[in-house]
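Asker: Structure in structure tokens, see below.
The values are calculated or read from the model by the stated rules, or taken from the named source; none is laboratory data. All values reported here derive from a predicted model rather than from experimental measurement. Reconstructed Cβ throughout: ideal geometry from the backbone, glycine too, with neighbour counts over all protein chains shown. These accessible areas exclude ligands, DNA and RNA; they are computed on the full protein's heavy atoms, side chains included. Shrake-Rupley method; radii C 1.70, N 1.55, O 1.52, S 1.80 Å.
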Amino acid sequence: METTRGEKMDLTAGYDFRNFKDALNPRQITSDLASAGMDWRITSRLQASVRREQNLTDSDPTYPSQTLLSARYQINAATRLFLTQRFASAPIVPIGDLSHSGFTSLNSTRETSLGVETRWRQNTSLTSRYQIENGMKRYR
């Protein structure tokens, strides 16, 4: 991972190699993922970022190619609001699949999240979010 840090912008690029072997099912996936991102400090309280993660070979089911957009607003030293939007080529399929447990839906390629994060201590925070799966569709 390489980061170029500027006064108001940070640029990041990276490469991930994954070798996924499923012990329960007869499958093995080797994937190469390139990523690039930009973080922009618009003001001292407002930040925005864009990230692209692109699979160069076969896709690991837990890491599809995707674009992530986000904005964060610092309300005070402990609390911030956030808005994120994810556009992906495929749904995220976790290795430990909970799709039939009622806790999650796994067919979303677009997700919009709005929430608040409050820091309690140095390594502890509480996050609450509202998520819309398959949100921000473009109709023609």
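Asker: Semi-axes of the equivalent ellipsoid for the chain, please: Cα gyration tensor eigenvalues, times 5, square-rooted, ordered largest first, whole Å.
Answerer: Working through the eigenvalues yields semi-axes of 28, 21, 16 Å.
Asker: Could you give the length gained by full extension between F82 and Q54, i.e. 0.36 nm per residue of separation minus their alpha carbon distance, to one decimal place?
Answerer: Gain on stretching F82 to Q54: 7.7 nm.
Asker: Moving to a separate point now. Which one, A78, A88, A36, has the greatest fluctuation when you compute a Gaussian network model over the chain with C-alpha springs under 10 angstrom?
Answerer: A78
Asker: Oh, and also: Averaged per residue, what accessible area in Å² does region 1-69 show with a 1.4 Å probe, protein chains only?
Answerer: 67 Å²
Asker: Quick one: with all protein chains in place, what share of the accessible area of the chain is carbon or sulfur, to the nearest percent (1.4 Å probe)?
Answerer: Carbon and sulfur: 55 percent of the exposed surface of the chain.
Asker: Looking at region 1-99, which trypsin sites (Lys or Arg not before Pro) are DSSP coil and have at most 16 other C-beta atoms within 10 Å of their C-beta?
Answerer: For trypsin sites (Lys or Arg not before Pro) across region 1-99 that sit outside H, G, I, E and B with at most 16 neighbouring Cβ atoms in 10 Å, the list reads K8, R45.
Asker: Which semi-axis lengths, in whole Å and largest first, follow from the square roots of five times the eigenvalues of the Cα gyration tensor of region 1-75?
Answerer: Over the Cα atoms of region 1-75, the ellipsoid semi-axes are 32, 13, 9 Å.
Asker: Taking the Cα centre as origin and putting +1 on Lys and Arg beta-carbons and -1 on Asp and Glu beta-carbons, what dipole magnitude results for the chain, to the nearest 20 debye?
Answerer: 640 debye
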